[in-house]
Amino acid sequence: MLGFGRSDKPAGFDYTMAASADQWEALARHAGIDEAVVLAHDYGDTVAQELLARQNERRLSFRIRAIAFLNGGLFPEAHHALPIQKLLLGPLGPLLARLSSYRRFASSMRRICANPPGEPELREHWKLLVRNGGKRVIPKLLRYIPERKAYRGRWVGALRSADVPLCL
């Protein structure tokens, strides 16, 4: 997905759940995929919820056969943003992102992970986060937090009315 890992991180991209879901639809069309089993994690959980909502509305360009959701915020009331995430979402977000450091990143990851990754893995995650200008898009990627609240009815409703197997 744009904005993550080794993917491009264009500053002008609209980092919304709808735009991310559009990417997956475009990939499926390009690859000729008619149906898929989805394995989603973290941010991708919400993207999968949007895809499922589109399928429930009969406007998804491929058929989801099943979804396995890994760790992620399916229910916004169960998600508790870190103080740094809240700050990054605010008007100083772009500046804070530019000033972010590996040390602060590693500290946050150790706090939120039940089984924190080791130092080599944390360093690799940091490299992937900042590669291709990643710092400049961090505040945009965090828009999923208010989006989850704004679209809770749509995305939780998609889970409730799904006609395919779901697992967590």
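The values are calculated or read from the model by the stated rules, or taken from the named source; none is laboratory data. Small disclaimer: the values here were computed from a predicted structure and weren't measured. Please note: Cβ atoms are built from the backbone with ideal geometry, for glycine as well, and neighbour counts cover all protein chains shown. We work out accessible area using only protein heavy atoms, side chains counted, and drop any ligands, DNA or RNA first. Shrake-Rupley method; radii C 1.70, N 1.55, O 1.52, S 1.80 Å.
Where helices (runs of 4 or more DSSP H) sit wholly within the range 85-167, those with at least 1 residues that are open to solvent by less than 60 Å² (accessible area, probe 1.4 Å), among the acidic types (Asp, Glu) and under 19 Å from residue 17 (Cβ atoms) occupy 144-150.
In a loop (DSSP other than H, G, I, E, B), in contact (Cβ under 8 Å) with a residue 60 or more places away in the chain and either among the hydrophobic types (A, V, I, L, M, F, W, C) or crowded, with 17+ Cβ neighbours inside 10 Å (or both), is that true of residue 74?
Details: in a loop (DSSP other than H, G, I, E, B): yes; in contact (Cβ under 8 Å) with a residue 60 or more places away in the chain: yes; either among the hydrophobic types (A, V, I, L, M, F, W, C) or crowded, with 17+ Cβ neighbours inside 10 Å (or both): yes.
So residue 74 passes the test.
Taking the criterion of being more than 21 Å from residue 132 (Cβ to Cβ) and among the charged types (D, E, K, R), the residues of the range 2-34 that qualify are 25, 29, 34. Within the range 24-48, residues that are over 20 Å from residue 81 (Cα atoms) and without any contact (Cβ under 8 Å) to a residue 60 or more places away in the chain have Cβ atoms under 7 Å from residues that are open to solvent by 70 Å² or more (accessible area, probe 1.4 Å) and among the charged types (D, E, K, R) in these pairs: 34/63; 35/63; 35/65; 36/65; 37/65, counting only partners at least 6 apart in sequence or on another chain. Under the condition of being among the hydrophobic types (A, V, I, L, M, F, W, C) and not in a helix (DSSP H, G or I), the residues counted in the range 22-41 number 6.
How many of the residues in the range 47-60 are of a type in the set (S, T, N, Q) and open to solvent by 50 Å² or more (accessible area, probe 1.4 Å)?
From the range 47-60, those of a type in the set (S, T, N, Q) are 49, 55-56; that's our starting set.
Among the residues that remain, those that are also open to solvent by 50 Å² or more (accessible area, probe 1.4 Å) are: none.
Count: 0.
Annotation note: Cβ proximity below 8 Å between a residue of the range 90-117 that is touching a residue at least 12 places away in the same chain (Cβ under 8 Å) and a residue that is of a type in the set (A, V, I, L, M) and exposed (fewer than 15 other Cβ atoms within 10 Å of the Cβ) (sequence gap 6+ or interchain) occurs for 108/82; 111/82; 112/82.
Scanning the range 54-65 for residues that are under 19 Å from the mean Cα position of the chain (by Cα) and part of a strand (DSSP E or B) returns a single hit, 64.
Could you go through the range 68-85 and let me know if any residue there is modelled with pLDDT of 95 or more, farther than 19 Å from residue 145 by Cα and touching a helix residue (DSSP H, G or I) at 6+ places or on another chain (Cβ under 7 Å). No, the range 68-85 contains no residue that is modelled with pLDDT of 95 or more, farther than 19 Å from residue 145 by Cα and touching a helix residue (DSSP H, G or I) at 6+ places or on another chain (Cβ under 7 Å).
For the range 29-46, the set of residues classified as open to solvent by less than 50 Å² (accessible area, probe 1.4 Å) and either modelled with pLDDT under 95 or out of contact with any strand residue (DSSP E or B) (no Cβ under 7 Å at 6 or more places or on another chain) (or both) consists of 43, 44, 46, listed by residue number. For the range 136-162, filtering for residues that are farther than 22 Å from residue 80 by Cα, in contact (Cβ under 8 Å) with a residue 12 or more places away in the chain and of a type in the set (D, E, K, R) leaves 1. Restricting to the range 8-26, name every residue that is closer than 13 Å to residue 51 by Cα and open to solvent by 40 Å² or more (accessible area, probe 1.4 Å). Within the range 8-26, 18, 22, 23, 24, 26 meet the criteria.
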